[in-house]
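Values quoted throughout were computed directly from the atomic coordinates according to the rules given, and no laboratory measurement underlies them. For clarity, every value in this text was computed on a predicted model and none was experimentally measured. Here Cβ is always computed from backbone atoms with ideal geometry, including for glycine, and neighbour counts include all displayed protein chains.
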Amino acid sequence: MSQEAKQLKVLPETEQSQVLKETLQDVMKDLEQKVNPKSAAEGINILTTIEKTNDQSILLKPMQDGANEFKKRVGRNMTYSEMREMWG
């Protein structure tokens, strides 16, 4: 049995499956798709709603939720460069 396989056996089962199935890039791509508008029209609608309601949380809450999910899945806060890569 390889050294890597031995190391995986000591991890709890939930961590094992996460290590085997998700890379950092997979997590970032998934969160980027969840948070970013799917089209220019959707982005304009979000900005229009923010302007009408004066409620910036419409834009900030999904990004904060994404950051929280990133921390849960990766085990650390995202770096500034990771945040910029996903959400500009």
Computed over region 23-87, the distribution of all Cα-Cα distances in 10 Å bins, rounded to whole %, is 21, 49, 25, 6
Between Glu42 and Arg76, with labels modelled 7 Å along Cα→Cβ, what's the label distance in nm to one decimal, could you check?
3.0 nm
PRE zone check, label point 7 Å out along Cα-to-Cβ of Gln56, amide N under 20 Å, scope region 74-88, hits 80-81, 83-88
Separation in nanometres of the label points that stand 7 Å from Cα toward Cβ, at Glu32 and Asp65:
2.0 nm
Could you point to the residue in Thr49, Trp87, Ala67 farthest towards the positive end of region 23-87's charge dipole, with +1 and -1 charges on the Cβ of Lys/Arg and Asp/Glu respectively?
Ala67
